[in-house]
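I have placed the structure first, in the form of structure tokens, so that the comments after it can refer back to it.
Coordinate-derived values only; no laboratory data. What you are looking at is a predicted structure, and each value in this text was computed from that prediction instead of being measured.
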Amino acid sequence: MKSTPTTTTTTAGAGAEAVGRRGAALVVLCFVQFMLVLDDNVVSVALPSLCDDLGFGTAGLAWVVNSYFLAFGGLLLLFGRMADLLGRRRVFLTGVALFGAASLVCGLAQEPWQLVAGRFVQGAGAAMASPAALALIALLYPGPRERARAFGIWGGIAGLGGTAGLVISGALTGLASWRWIFLINLPVAVAAIVLLPRLVPESRAARTVRLDVPGAVLGTGAVVSLVYGLLQTGESSWTDTSAAGPLVLAVLLAVAFVAVESRTAEPLVPLAFLSFRLRAVANGTTLLFSAAMYAMAFLLMVHLQTVLGYDPLTAGVAYLPYGAGILAGMWLSARAVQRLGTRPALVASFLITAAGMLLLSGVAPSDGYASGVLPGMLVTSLGCGLSLPALTVAALTGTTEENAGLGSAVLSSVQQVGGAIGVAVLVALATRRRDALAADHDPPHAATEGFALALTAAAGLLTLGAVLIATLLGRTATATRTR
């Protein structure tokens with residue numbers, strides 16, 4: 001198959017100038033990903049201030065978070081495939097520009113609907129930029145060893161973004177205004193738009209294909225319905241029509257999507273792509289991992305403020321060691337994959353993260369930070385830093401210039417859906433446990449019991465993921481270690 005000139009220029013250059021440009025491009029792409037992941041939960045600490053300043057009701061306030069999840073998770077598959085077909089750099093830059101403009105709208109919002117609309121557009125921009133950026137990295141670093149290192153940096157930065165969202169939100173809300181949690185995105189967006197065209201040439205699939213419109217409509221509809229239904233369960237219950245209806249619709253749309261894709265000559269998501277064992281197991285366990293980690297971040301921040309009595313700024317600063325643990329895990333991850341292989345590295349990282357969750361589940365109202373919160377936080381963050389890069393490497397194994405954007409979109413979509421599942425299910429589990437004990441125990445004790453149950457369940461999800469990796473990957477993943 002003949003490659004176009006634009007695709008051949010995305011491979012690693014032999015000279016020092018090409019290597020330097022690759023490194024600079026990786027820095028820019030990682031900073032953008034940091035910004036996108038940061039905005040997943042940057043509003044969590046600022047919600048009370050938003051409620052006071054803009055007059056949100058309880059239901060409307062939830063959509064400040066949910067609208068971003070809905071757009072980001074729902075549109076990833078569509079925009080990931082569009083990046084392959086229309087040009088990854090073009091789609092990335094369009095997404096960053098859209099995200100930056102929406103951040104400005106959010107920062108200047110005067111009415112609740114303006115903030116919710118801005119958050120939805122932010123999510124759409126993130127859905128364009130994130131898979132395109134990851135696809136560009138996959139093509140810039142084609143060799144197994146260098147790709148593992150690049151994804152190690154990428155995965156670690158993504159993990160830091162999730163943590164930094166809480167830290168930055170607490171600091172900016174406590175010291176300045178909640179508006180700055182959105183306005184701070186603008187310099188990063190402008191820098192990426194200016195710098196990236198000078199560092200990365202355009203790339204797209206070598207052969208011209210049409211976008212699978214029926215597959216795009218069905219696939220996007222299925223993911224949007226699923227995410228919406230899961231988010232609704234956090235506000236009502238699994239049997240409520242507002243939650244059950246979208247979930248049933250998601251199943252029907254998914255069945256229709258599989259049927260259409262199996263009969264389409266040029267499908268949006270080829271079924272053979274999804275059935276590749278290493279990628280399938282990596283994406284499946286990423287779902288479990290994301291569910292556990294998103295729920296943990298949400299629950300721990302609430303626990304620090306409502307049970308341990310931290311103010312927003314103190315709660316944000318308390319998360320700083322978590323970032324240090326992720327950096328340490330990120331540094332070790334690529335080395336673990338290269339020396340041990342993907343399967344052993346992932347099993348160990350999942351079990352370490354589960355152990356950290358169990359430590360955190362034992363934090364009581366009377367515990368101090370250093371003796372109670374910090375040990376579990378450090379172990380969890382180390383496991384997270386070990387896991388994210390290895391999962392990314394596994395999920396993008398075997399991707400080419402034809403489908404790098406698709407592989408990146410599938411992984412990012414799984415992460416977003418997993419996060420929605422974790423927040424919906426585990427937060428509801430904690431809430432119901434707390435409410436069941438509220439009549440016979442004081443509020444801090446009841447809240448602690450709910451927190452402990454949810455984090456124990458999260459540790460169970462991670463342990464299940466380790467078992468699936470150990471049994472389903474077998475020797476295939478071990479053989480993928482870099483020599």
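Over all distinct alpha-carbon pairs, what is the Kirkwood Rh of segment 305-357 in angstrom? Evaluated on segment 305-357, it is 13.0 Å.
All Cα-Cα distances of the chain, cut into 20 Å bins from zero to the largest, leave 25, 60, 14, 0 percent in each bin in turn.
With a Cα-only, solvent-free Debye model of segment 212-265, what are the log10 I(q)/I(0) values at q = 0.30 Å⁻¹? For the requested q values the scattering log ratios are -1.02.
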